[in-house]
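Peer 1: My questions will all concern the structure given below.
The values are calculated or read from the model by the stated rules, or taken from the named source; none is laboratory data. Predicted model only: the values in this text are computed from it and were never measured. For neighbour counting, all protein chains shown are included, and Cβ atoms are generated from backbone atoms with ideal geometry for every residue, glycine included.
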Amino acid sequence: MTRLPSPEAPGISAGVTEPLIQDLVHAFYASVRVDPLLGPVFNSAIGDWDAHLAKLCAFWSSVTLMSGRYKGTPMKVHAELPQISAEHFARWLALFHSTALDVCPRDAARLFIDRAERIAQSLQLGIALHRGESGVPALPSRTRG
């Protein structure tokens, strides 16, 4: 289902559109799938890449355009993957950062990168709590792009 973006959405002024989200998500996860660190984790966890990419497009639409398209529980899904570590998050962010800068206009890339960093930090904290760990390493900021 396609929903119109909210007029107050942060992505509107940054030039984010549904086609841009699709381009970014598809380009990024094409890199993830072949990455030596991330590929094995994602490829073993995802059975239907087409459905997963559609879900991720809905997620980023909800995050940047406030479309309300995403319905899911990313914390639960990520917390149930025991192999995920801070190294995976750092690599994911590095790939996301470079892909966003390659695919998106500058303001849109900055918005996507900012949200990705916040989401990664939140997921790391949630996973640490789920595992009973006492702390979460800080992720370096990459929003200088």
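Peer 1: When you go through Ser61, Ser31 one by one, which is the residue that is in contact with a helix residue (DSSP H, G or I) (Cβ under 9 Å, 6 or more places away or on another chain), crowded, with 20+ Cβ neighbours inside 10 Å and not acidic (Asp, Glu)?
Peer 2: Details: Ser31 fails: crowded, with 20+ Cβ neighbours inside 10 Å.
Within the list Ser61, Ser31, the selection yields Ser61.
Peer 1: Would you list the helices (runs of 4 or more DSSP H) that sit entirely within the stretch 26-145 and hold 1 or more residues that are among the β-branched types (Val, Ile, Thr) and touching a Gly at 6+ places or on another chain (Cβ under 9 Å)?
Peer 2: Numbers: elements: 38-45, 49-65, 74-79, 86-103, 106-131.
Qualifying helices (runs of 4 or more DSSP H): 49-65, 106-131.
Peer 1: Can you tell me how many residues within the stretch 64-118 are under 21 Å from Gly15 (Cβ atoms), buried (at least 19 other Cβ atoms within 10 Å of the Cβ) and under 13 Å from the mean Cα position of the chain (by Cα)? Before the answer, list the steps.
Peer 2: Quick first cut of the stretch 64-118, residues under 21 Å from Gly15 (Cβ atoms) only: 64-70, 96-118.
From the residues that got through so far, the ones that are buried (at least 19 other Cβ atoms within 10 Å of the Cβ) too are 64-65, 67, 69, 96-97, 99-100, 104, 108-109, 111-113, 116-117.
Then keep just the ones that are under 13 Å from the mean Cα position of the chain (by Cα); that gives 64, 96-97, 99-100, 109, 111-113, 116-117.
Qualifying residue count, the stretch 64-118: 11.
Peer 1: Could you figure out which of (1) touching a residue at least 12 places away in the same chain (Cβ under 8 Å); (2) surrounded by 16 or more Cβ atoms within 10 Å (Cβ to Cβ); (3) among the small types (Gly, Ala, Ser); (4) assigned to a helix (DSSP H, G or I) isn't true of Ser13?
Peer 2: (2)
Peer 1: Taking only the stretch 34-51 into account, find how many residues are surrounded by 13 or more Cβ atoms within 10 Å (Cβ to Cβ), out of contact with any helix residue (DSSP H, G or I) (no Cβ under 7 Å at 6 or more places or on another chain) and at pLDDT below 95.
Peer 2: Narrowing the stretch 34-51 to residues surrounded by 13 or more Cβ atoms within 10 Å (Cβ to Cβ): 35, 37-39, 41-43, 45-46, 49.
Retained after the next criterion (residues that are out of contact with any helix residue (DSSP H, G or I) (no Cβ under 7 Å at 6 or more places or on another chain)): 45, 49.
Imposing the further condition that a residue be at pLDDT below 95 reduces the set to 45.
Selection size over the stretch 34-51: 1.
Peer 1: Also, quick follow-up: Would you call Pro140 within 26 Å of Val16 (Cβ to Cβ), at pLDDT below 85 and surrounded by 14 or more Cβ atoms within 10 Å (Cβ to Cβ)? Working first, answer last.
Peer 2: On the way: within 26 Å of Val16 (Cβ to Cβ): yes; at pLDDT below 85: yes; surrounded by 14 or more Cβ atoms within 10 Å (Cβ to Cβ): no.
No.
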